[in-house]
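A.B. asks: Here it is: the structure, laid out below.
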Amino acid sequence: MDFRDLDRQAMKLAGEVISHVRPDQLRLPTPCADWTLHGLLRHLVSEDLAFAAATTAGTGPSEVDWNAGRLGADPVADYQRAAAGYLTAFEPDHVLGHPMRINVFGVFPGSVAVSMHFVDTIVHGWDVAKTIGVPYAPDADLSVAALKIMKRFPPERPTPAFDVQVAVPENASELDELLAYVGREPGWAR
């Protein structure tokens, strides 16, 4: 399935949230275990750069550094540049069928890489929004699609980015269901 349109929508929404980040907020804690806002933004930049590099790096061990993102004096501009590079790299249709090594997860076709990036963007967009106190309301179809992708993976996956599933009420929104599945407390507050 081609998730590029959903990924672009998620990136647009995350970009709008990130555009509100101020330098004095970079040390704030986030819903991501062990990450300040600076660390989270650096992660997003690193992911965009590495996913883009993976489109041409092949499937063997490569020089792609999944932690290469750096934030300079203008973290918002750093994010925007990395995001633009990611979008350009995944624009050609042939990339969807191209096998690529994605971090420690293994080799996947570009279509799966896009779906992974999409989920990461939806969730981390919420993380940034909660951290800086701005609204975040992805369309329900984005949250539903991201949850379907995540349900391909077991709920017990403790990592700094996606932790063990937490419980939510039966009437939880699609976004809250997704957040809970990746180990976020939907009511998280600093």
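The values are calculated or read from the model by the stated rules, or taken from the named source; none is laboratory data. Nothing here was measured: the structure is a model prediction, and the numbers come from that model. So basically every Cβ, Gly included, is an ideal-geometry build from the backbone, and we count neighbours across all protein chains shown.
A.B. asks: On the given criteria, is L179 farther than 21 Å from S19 by Cα, buried (at least 22 other Cβ atoms within 10 Å of the Cβ) and modelled with pLDDT of 95 or more? Outline the logic, then answer.
C.D. replies: Values: farther than 21 Å from S19 by Cα: yes; buried (at least 22 other Cβ atoms within 10 Å of the Cβ): yes; modelled with pLDDT of 95 or more: no.
So L179 fails the test.
A.B. asks: Under the condition of being assigned to a helix (DSSP H, G or I) and among the aliphatic types (A, V, I, L, M), which residue from the stretch 1-36 is farthest from V128 (Cα to Cα)? Before the answer, list the steps.
C.D. replies: Taking the stretch 1-36 and keeping what is assigned to a helix (DSSP H, G or I), we get 4-18, 23-25.
Going one step further and asking which of them are among the aliphatic types (A, V, I, L, M), we end up with 6, 10-11, 13-14, 17-18.
On the way: L6: 19, A10: 13, M11: 13, L13: 11, A14: 8, V17: 7, I18: 7 Å.
Residue satisfying both the conditions and the ranking: L6.
A.B. asks: Does V168 satisfy being in a loop (DSSP other than H, G, I, E, B), over 23 Å from R42 (Cα atoms), in contact with a helix residue (DSSP H, G or I) (Cβ under 9 Å, 6 or more places away or on another chain) and at pLDDT 85 or above?
C.D. replies: Numbers: in a loop (DSSP other than H, G, I, E, B): yes; over 23 Å from R42 (Cα atoms): yes; in contact with a helix residue (DSSP H, G or I) (Cβ under 9 Å, 6 or more places away or on another chain): yes; at pLDDT 85 or above: yes.
For V168, the condition - in a loop (DSSP other than H, G, I, E, B), over 23 Å from R42 (Cα atoms), in contact with a helix residue (DSSP H, G or I) (Cβ under 9 Å, 6 or more places away or on another chain) and at pLDDT 85 or above - is met.
A.B. asks: Now a separate question. Do you know which residues across the stretch 87-115 are touching a residue at least 60 places away in the same chain (Cβ under 8 Å), of a type in the set (A, V, I, L, M, F, W, C), over 22 Å from S19 (Cα atoms) and part of a helix (DSSP H, G or I)?
C.D. replies: L96, A113, V114
A.B. asks: Let me ask another. Could you list all residues from the stretch 37-65 that are surrounded by fewer than 17 Cβ atoms within 10 Å (Cβ to Cβ) and either among the aliphatic types (A, V, I, L, M) or part of a loop (DSSP other than H, G, I, E, B) (or both)?
C.D. replies: A57, G58, T59, G60, P61, S62, E63, D65 - these are the residues of the stretch 37-65 that are surrounded by fewer than 17 Cβ atoms within 10 Å (Cβ to Cβ) and either among the aliphatic types (A, V, I, L, M) or part of a loop (DSSP other than H, G, I, E, B) (or both).
A.B. asks: Got a sec? Which of A140, A73, A167 is touching an Asp or Glu at 6+ places or on another chain (Cβ under 6 Å), surrounded by fewer than 20 Cβ atoms within 10 Å (Cβ to Cβ) and either polar (S, T, N, Q) or over 15 Å from A53 (Cβ atoms) (or both)? Spell out how you get there, then give the answer.
C.D. replies: Values: A73 fails: touching an Asp or Glu at 6+ places or on another chain (Cβ under 6 Å); A167 fails: touching an Asp or Glu at 6+ places or on another chain (Cβ under 6 Å).
When all the criteria are applied, what remains is A140.
A.B. asks: Can you confirm whether R152 is surrounded by fewer than 23 Cβ atoms within 10 Å (Cβ to Cβ), over 24 Å from H98 (Cα atoms) and of a type in the set (K, R)?
C.D. replies: Values: surrounded by fewer than 23 Cβ atoms within 10 Å (Cβ to Cβ): yes; over 24 Å from H98 (Cα atoms): no; of a type in the set (K, R): yes.
It is false that R152 is surrounded by fewer than 23 Cβ atoms within 10 Å (Cβ to Cβ), over 24 Å from H98 (Cα atoms) and of a type in the set (K, R).
A.B. asks: Could I ask something else about it? Take the residues in the stretch 171-185 that are of a type in the set (D, E, K, R) and part of a loop (DSSP other than H, G, I, E, B); name whichever of them is farthest from the chain's Cα centre (by Cα).
C.D. replies: Our first condition is that a residue be of a type in the set (D, E, K, R); within the stretch 171-185, this holds for 174, 176-177, 184-185.
Right, trim to part of a loop (DSSP other than H, G, I, E, B) and you get 184-185.
Working: R184: 14, E185: 17 Å.
Result: E185.
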